[in-house]
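Everything below concerns the one structure shown next.
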Amino acid sequence: MSKKVFVTHQLPGERIHQLAELCDLNLWMGPGLLSAESLREELRDCHGLLCLLTDRVDAALLAEAGQLEFISSMSVGVDHIDLAAAGRRGIAVGNTPGVLVDTTADTAFALLLAAARRVSEADRFVRQGNWRQENAWAPDFFTGKDVSGATLGIVGLGAIGRAVAKRAQGFGMEVLGWSRSGREVAGVAGVSLDELLLRSDFVSVHTALNAQTRHMINAERIATMKPGAVLVNAARGGIVDEVALAAALVRGDLYAAGIDVFEREPIAADNPLLHLPNVVLTPHIGSATAHTRARMADLAVDNIIAALDGQPMPNCVNPDVY
Ligand code: GLV
């Protein structure tokens, strides 16, 4: 009897068709968004789950998914999955690293440039009809902050952090980096997190979200950042204390921020960042190119195909379950 696999969303790419031939595939087609309740129902008799980062796979859900053997998430981050609970049950968890590195680094750099040069603010200004004869151009008109020659501090020197470093070098920036493991990267001066925050004109966050990194960039750390610095976060919202960040931006301690990820997604209506003109906001689109998303879907399916075949997933975040 073939194994049952539940897929929580329509996927781009080709491999999903192959998967349909290898298992009893159930793809969520609605109506509406998949609720936590529907996910629980669907998983009751499933062996495999292919999910997105918006699907919360917590211990309570896993406890009711008695047959579940493997989970593949179409994401590099797996903070939406309770890895400890999965590990206790011997459930393998796969992700999709590698293929999204350059795309996500591009997004972080786009946010950095947009925040430094006030791109969103200027765009709103033009669209709202405020660009008139009397203010057509002036020496101080929409002046921003130079990127070239500035210092960028990269928090987390995994593949995406290193790809951001490459871009920064191309822009003539001095690059500082910090990683928990003390990884050395060519062209990046390894420093402590304290020194990085103190010296950087721009700080870009590229760590995973976990118990050690939750609110790592909190009020105390923000207070140690260089006056007038810019913070970029295209990793996970929970790493930065958004309320403390907003307060620092309102006080003028920081110059601007470029934020793609939020503690609550979609963003809560009362998120203070929504009301600040010097914050560039994007809706978690770090890896969002059609090409990259198709490659991520293919990797997510490859993980499921391997698991169905009784093989280790090619990209498994908890290989000790094997
Ligand atoms: C995106 O945020 C991902 O984790 O893939």
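The values are calculated or read from the model by the stated rules, or taken from the named source; none is laboratory data. It should be emphasised that the depicted structure is a prediction, and the values quoted were computed from it without experimental measurement. FYI the Cβ positions are ideal-geometry reconstructions off the backbone, even for glycines, and counts take in every protein chain you see. Only protein heavy atoms, including side chains, enter the accessible area calculation; ligands, DNA and RNA are left aside. Shrake-Rupley method; radii C 1.70, N 1.55, O 1.52, S 1.80 Å.
Answer yes or no: is there a residue in segment 215-225 that is within 25 Å of D55 (Cα to Cα) and within 14 Å of the ligand (Cβ to nearest atom). The answer is no; no qualifying residue exists.
Considering each of A297, A208, A290, A269 in turn, give the residue that is farther than 22 Å from C51 by Cα and of a type outside the set (S, T, Y). Show your work before the answer.
On the way: A297 fails: farther than 22 Å from C51 by Cα; A208 fails: farther than 22 Å from C51 by Cα; A290 fails: farther than 22 Å from C51 by Cα.
Within the list A297, A208, A290, A269, the selection yields A269.
Filtering segment 243-272 to residues that are open to solvent by 20 Å² or more (accessible area, probe 1.4 Å) and in a helix (DSSP H, G or I) leaves V243, A247, V250, R251, P272.
Yes/no matrix, rows are residues, columns are (1) of a type outside the set (A, V, I, L, M, F, W, C); (2) in a strand (DSSP E or B); (3) open to solvent by 10 Å² or more (accessible area, probe 1.4 Å):
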{"residue": "D140", "(1), (2), (3)": "yes, no, yes"}
{"residue": "G149", "(1), (2), (3)": "yes, no, yes"}
{"residue": "A189", "(1), (2), (3)": "no, yes, yes"}
{"residue": "L209", "(1), (2), (3)": "no, no, yes"}
{"residue": "M225", "(1), (2), (3)": "no, no, yes"}
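Can we say A110 is open to solvent by 40 Å² or more (accessible area, probe 1.4 Å) and assigned to a strand (DSSP E or B)?
Values: open to solvent by 40 Å² or more (accessible area, probe 1.4 Å): yes; assigned to a strand (DSSP E or B): no.
No.
The residues of segment 157-190 that are under 21 Å from A234 (Cβ atoms) and among the aliphatic types (A, V, I, L, M), listed by number, are L157, A159, I160, A163, V164, A165, A168, M173, V175, L176, V185, V188.
Let's see how each residue does on (1) in a loop (DSSP other than H, G, I, E, B); (2) surrounded by 12 or more Cβ atoms within 10 Å (Cβ to Cβ); (3) polar (S, T, N, Q):
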position	(1), (2), (3)
Q18	no, yes, yes
G32	yes, no, no
E37	no, no, no
R40	no, yes, no
C46	yes, yes, no
L49	no, yes, no
L62	no, yes, no
Q67	yes, yes, yes
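Residues that are touching a Cys at 6+ places or on another chain (Cβ under 7 Å), open to solvent by 30 Å² or more (accessible area, probe 1.4 Å) and either within 16 Å of the ligand (Cβ to nearest atom) or farther than 30 Å from A256 by Cβ (or both) are absent from segment 74-94. When segment 273-322 is filtered for residues that are in a loop (DSSP other than H, G, I, E, B), open to solvent by less than 40 Å² (accessible area, probe 1.4 Å) and of a type in the set (A, V, I, L, M), the ones remaining, listed by number, are L276, M313.
Just wondering, is there one or more residues in segment 92-108 that are modelled with pLDDT of 95 or more, over 19 Å from the mean Cα position of the chain (by Cα), at negative phi and not acidic (D, E)? Even if it seems obvious, please write down each step before you answer.
Kept after step one, since they are modelled with pLDDT of 95 or more, are these residues of segment 92-108: 92-108.
From the residues that got through so far, the ones that are over 19 Å from the mean Cα position of the chain (by Cα) too are 92.
Of the ones still in play, those that are also at negative phi are 92.
Still in the list and also not acidic (D, E): 92.
Yes, segment 92-108 has at least one match.
Taking segment 231-256 as the range and being touching a strand residue (DSSP E or B) at 6+ places or on another chain (Cβ under 7 Å) and either within 16 Å of the ligand (Cβ to nearest atom) or not aliphatic (A, V, I, L, M) (or both) as the test, the residues that pass are V232, N233, A235, I239, V240, D241, Y255. Among the candidates Q169, Q128, Q133, which residue alone is away from the ligand (no atom under 16 Å from the Cβ), within 23 Å of the chain's Cα centre (by Cα) and surrounded by fewer than 16 Cβ atoms within 10 Å (Cβ to Cβ)? Q169 is the lone residue from the list that is away from the ligand (no atom under 16 Å from the Cβ), within 23 Å of the chain's Cα centre (by Cα) and surrounded by fewer than 16 Cβ atoms within 10 Å (Cβ to Cβ).
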